[in-house]
Every structure is written in structure tokens, then in C-alpha cells.
Amino acid sequence: MSLPRIGVDLGGTKIEALALADDGTELVRRRVPTPSGYDAIIVAISDLVRALEAAVGPARGVGCGTPGSPSPATGLMRNANTTALNGRPLDKDLSRALGRPVALENDANCFVLSEAADGAGAGSAVVFGVIIGTGTGGGIVAHGRVLSGRNGVAGEWGHNPLPWADSWERPGPPCYCGKRGCIETFLSGPALEREVLLRTGNRLDGAAIAELAAQGQPDAVGALQAYCDRLARALASLINVLDPDVIVLGGGLSNVPALYTEVPRRWRRWVFSDVVRTPLVAARWGDSSGVRGAARLVP
């Protein structure tokens with residue numbers, strides 16, 4: 001019997017670790033709140049990995065999914081909304097703390113790797129994974145391999161401008177990356193909540209907005225329709241460039257049922273083709289895809 005892989009999903013509010021068998025069986029899982037400070041994060045991840053190995057025995061390797069990614073020029077982390085990571089050699093520091101190499105990838109890449117391996121994209125040659133939650137991320141798996149790209153930013157569609165923007169959508173809200181009007185500023189969970197706040201003056205989360213829209217509440221319906229239209233435009237531009245076999249949605253807003261009917265109906269207007277056969281599907285593994293994909297970084 002081969003040794004299990006360990007995956008770690010480093011998030012803004014929690015760190016989750018999982019021991020995964022070759023057949024995809026989850027052997028043991030642990031979770032802790034994400035501490036503040038870079039050094040504390042290193043210690044928390046190291047402690048989680050050791051706790052898993054105490055439970056299941058030695059692992060054959062460790063993979064870690066992170067916000068942001070290492071720069072191919074410097075090896076230092078960049079673009080992470082967990083800003084304590086930026087400018088730090090996370091892979092080297094984790095490897096030193098654990099006494100072994102650690103495979104490191106962007107969390108969206110881990111998500112799509114999991115879904116392409118044995119999730120909603122299994123059996124497809126090219127899978128694009130979308131995370132729509134507190135941010136808006138993306139990743140690509142082609143023929144079973146993560147495509148990171150020459151600059152390590154393949155799939156970062158959330159930091160392109162919203163396509164085919166109307167006059168009232170320009171220049172768009174400011175983004176943490178320093179630009180305005182990024183797709184992320186329109187399609188993240190906070191963006192949908194902001195849309196409802198502007199329309200109603202009420203602060204509601206995505207689930208409450210979807211429920212009110214299903215009940216026919218006009219402002220919620222309008223906000224959700226605007227969201228679907230923007231998501232359709234953003235994904236249509238992606239289809240025009242990559243034309244994946246399937247698009248898999250994850251993150252908190254992926255639980256809104258209307259997306260899977262409304263978005264494909266709307267994106268036909270924008271895709272440069274006479275037919276659009278691309279399936280838009282929900283992630284099989286839900287919130288577990290990130291940590292499962294991190295484990296699958298280990299050969």
C-alpha cells in the first residue's frame with residue numbers, strides 16, 4: 001500500500017490539512033484558524049502536518065495551496081490577499097520547517113486540479129475552474145496537469161477588466177491590485193452584496209440574496225440578474241480565448257442555483273461561435289476541492 005499524500009489549504013480565515021489516499025479516500029482532516037503573522041502561519045501549517053502524520057503515519061509528500069503565487073523571477077510570494085505572505089519565500093520556509101520539499105500552488109489551481117482529477121471535470125481534457133467567493137480566482141488543468149504559465153499567472157481572469165462594460169460600469173470599483181474595474185470587483189461575494197446595498201440600503205449575504213430573488217423580491221432579482229449578466233460576459237471572454245471542455249464553479253456563490261441556467265443562456269450573445277456547448281457545473285467536492293487538490297500536487 002502506497003503512502004498517503006498530505007494537502008494543506010491556506011486560507012484567509014482557516015488552514016485545513018488532509019491526508020488523502022491514492023483512490024481519493026480522505027483518511028484524516030484537521031483545521032485551525034489562520035493566525036496573524038507570517039511566522040505563526042508557518043508554525044500552524046507545520047503543526048497540522050505533524051498531527052496528520054501522527055494519525056496516519058508517514059506521508060510521501062506535502063502539497064500546499066495558497067492565495068497568490070511565487071514569482072518565477074524571485075521565488076517570493078506575490079498577489080496574495082493574505083498580505084503577510086507577500087514578499088516571503090513561503091515554499092522554502094515551509095520546506096525548512098518540515099524538513100522536506102513542499103509543492104506549492106495557487107489555491108485556484110488546487111481547486112481545479114481536484115475537480116479535474118475526480119470531480120465535476122473528471123474525464124475532460126481541458127478544465128477551467130472558477131472560485132467566486134471573497135475574491136474571484138481561476139485555474140486551468142489540461143490533460144491532467146496544472147497550467148501555471150510562463151509568468152505563473154495563468155487563469156487569473158479575475159484581474160482583467162470586465163468585458164463589454166456599459167458606461168455605468170466604467171471605470172468600475174477600485175481593486176486591491178491597484179486597478180479599477182477588475183472582474184473580481186464585480187463578481188466576488190462582497191461585490192454582489194454591495195450591489196444589493198446600493199439598491200436597498202440593506203446588508204445581505206449571497207445566500208439571503210439568492211433566497212429573496214427566488215421569492216421574486218424585485219431588488220434582489222435585479223441584483224442577481226446583473227450579476228449573472230456580468231458573469232456571462234466574463235466567462236464568454238474566457239471561452240473565446242481558451243474554449244475549455246468544462247467550466248467548474250466553486251466558492252460561496254457557486255451555491256446559487258440560478259447561475260447554472262442564467263449564465264449559459266446569457267453568454268451565447270458574447271461567445272464568438274454559432275454554438276456554445278460548454279457545460280457550466282458546480283464543483284463535486286465543494287469547499288474540500290482546495291485541500292484535495294493540494295494533496296494531488298504530490299507526485
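The values are calculated or read from the model by the stated rules, or taken from the named source; none is laboratory data. Computed from a predicted model, the values in this text were never measured in an experiment. Backbone-built Cβ (ideal geometry, glycine too); neighbour counts: all protein chains shown.
Only one of the numbered conditions (1) touching a residue at least 12 places away in the same chain (Cβ under 8 Å); (2) loosely packed, with under 14 Cβ neighbours inside 10 Å is not met by PRO171, and that is (1). For the range 273-290, taking the residues that are of a type in the set (S, T, N, Q) and not in a loop (DSSP other than H, G, I, E, B), the one that is farthest from THR136 (Cα to Cα) is identified as SER288. Only one of the numbered conditions (1) closer than 22 Å to THR13 by Cα; (2) assigned by TED's automatic domain parsing to the domain that holds VAL248; (3) at pLDDT below 95; (4) touching a Ser or Thr at 6+ places or on another chain (Cβ under 9 Å) is not met by ASN79, and that is (2).
Within the range 49-88, restricting attention to residues that are of a type in the set (Ser, Thr, Tyr) and in a loop (DSSP other than H, G, I, E, B), the residue that is surrounded by the fewest Cβ atoms within 10 Å (Cβ to Cβ) is THR74. Here TRP270 fulfils each of the conditions (1) buried (at least 16 other Cβ atoms within 10 Å of the Cβ); (2) in a helix (DSSP H, G or I) apart from (2).
When TRP164 is tested against (1) farther than 30 Å from PRO72 by Cα; (2) at pLDDT below 95; (3) not aliphatic (A, V, I, L, M), only condition (2) is not met.
Does the range 36-45 include one or more residues that are touching a residue at least 12 places away in the same chain (Cβ under 8 Å) and in a loop (DSSP other than H, G, I, E, B)? Looking for residues that are touching a residue at least 12 places away in the same chain (Cβ under 8 Å) and in a loop (DSSP other than H, G, I, E, B), one finds at least one in the range 36-45, hence yes.
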